[in-house]
Amino acid sequence: MYKEFYGLREKPFSKTPDPRFLYLSAGHREALARLQYVIEEHELALLTGDIGCGKTTISRALMDSMGDAFHFCFIFNPRLTALELLRVIARDLTVATPSIAKDELLKEITDALYRFHNEKCCPVIVIDEAQMIPTREIFDEIRLLTNFQLDDKNLLSVIIMGQPELRRTLAEPIYEPFRQRIAINYHLSPLNLEETLEYLDFRMAVAGGSAGLFYPDAVQKIYEYSGGVPRKINVIATNALLEGFGRDAAWIDADIVEEMADELNI
């Protein structure tokens, strides 16, 4: 449909977290650099941001950037008991059949971490949607993971990602021991107007199209409707392309964006 009409090889505003389409705004670039540092130093990091700001995409780009010396373990649904969390981590650390007894399970994790260390590979535990973690006990287990260490460094890195309410949770006094383990603490903000323009042009170019398809007045409207949140920009831009295709319009202007926004009740 609109792909052929606008000379695109693929959809430029897909919802999947494809690192090829990661536009590095100043905030995204800073977040990526800080997470790379934390991994190299085998520390614990906290990354927060509003829904759709690109946290998951950054984590995928992070994995691609670090090379074979790091083994990434992703946990996308942290609504687990403490034992379930440890068993998921053990499986990600290639423990074939994790024990259901905690003492045995911890020994299996310890053995796996030393095996990775001997292979000169550092495991990286990435916990997404961490605002959904149900109990303090889970945070205690995450904190205790950083106790797996040698004399000069930890045996693994941990990255906790979540929505802004995670910060409010961790600000409570009972989480002081956890906060003290956080080496890097960063909040990812939405794009500004200029970055929204660059984001649209960048993703169009990656998809095989041309920059400048969206007129400045259209970019202004997209920014106003989306608040600079990349996921919202994707929805609006996709529907604007569909609307433009339906109109046989060579360019996307503010009128097309407003028409589409009315239909979507944005």
Checklist entry - Within the range 158-253, which helices (runs of 4 or more DSSP H) (wholly inside it) include 2 or more residues that are of a type in the set (D, E, K, R) and closer than 26 Å to Phe148 by Cα? => result 176-179
Checklist outcome for this item: Restricted to the range 212-266 and to residues being under 25 Å from Gly49 (Cβ atoms) and hydroxyl-bearing (Ser, Thr, Tyr), the residue nearest to the chain's Cα centre (by Cα) is Ser226
Checklist entry - Among the residues of the range 184-201 satisfying the criterion of being in contact with a strand residue (DSSP E or B) (Cβ under 6 Å, 6 or more places away or on another chain) and closer than 17 Å to Leu24 by Cβ, which is surrounded by the fewest Cβ atoms within 10 Å (Cβ to Cβ)? => result His187
Checklist entry - With respect to Ala249, is the statement that it is under 30 Å from Glu41 (Cβ atoms), surrounded by fewer than 19 Cβ atoms within 10 Å (Cβ to Cβ) and without any contact (Cβ under 8 Å) to a residue 12 or more places away in the chain true? => result no
Next on the checklist: For the range 202-227, which positions are surrounded by 18 or more Cβ atoms within 10 Å (Cβ to Cβ) and either of a type in the set (A, V, I, L, M) or touching an Asp or Glu at 6+ places or on another chain (Cβ under 7 Å) (or both)?
Outcome noted: Met204, Ala207, Leu213, Ala218, Val219, Lys221, Ile222
Checklist entry - Exactly one of (1) part of a loop (DSSP other than H, G, I, E, B); (2) over 21 Å from Ala207 (Cα atoms); (3) basic (Lys, Arg) is unmet by Lys15. Its number? => result (2)
Checklist outcome for this item: Among (1) under 13 Å from the mean Cα position of the chain (by Cα); (2) touching a residue at least 60 places away in the same chain (Cβ under 8 Å), Asp18 falls short only on (2)
Checklist entry - Quick check: anything in the range 106-115 loosely packed, with under 13 Cβ neighbours inside 10 Å and closer than 25 Å to Leu22 by Cβ? => result no
Checklist entry - Among Arg34, Arg29, which is surrounded by fewer than 21 Cβ atoms within 10 Å (Cβ to Cβ), without any contact (Cβ under 8 Å) to a residue 60 or more places away in the chain and not in a loop (DSSP other than H, G, I, E, B)? => result Arg29
Next on the checklist: Checking the structure you have, find out if any residue of the range 194-206 is modelled with pLDDT under 95 and of a type outside the set (A, V, I, L, M, F, W, C).
Outcome noted: no
Checklist entry - Do we have Leu86 as among the hydrophobic types (A, V, I, L, M, F, W, C) and at pLDDT below 95 here? => result no
Checklist outcome for this item: When Ala69 is run through (1) loosely packed, with under 14 Cβ neighbours inside 10 Å; (2) small (Gly, Ala, Ser); (3) under 20 Å from the mean Cα position of the chain (by Cα), the failure sits at (3)
Item to check | Subset of the range 177-191 [of a type in the set (S, T, N, Q) and in contact (Cβ under 8 Å) with a residue 40 or more places away in the chain] | outcome: Asn185, Ser189
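The values are calculated or read from the model by the stated rules, or taken from the named source; none is laboratory data. The structure displayed is predicted, hence computed values, not measured ones. Cβ coordinates were reconstructed from backbone atoms using ideal geometry, including for glycine residues, and neighbour counts include every protein chain displayed.
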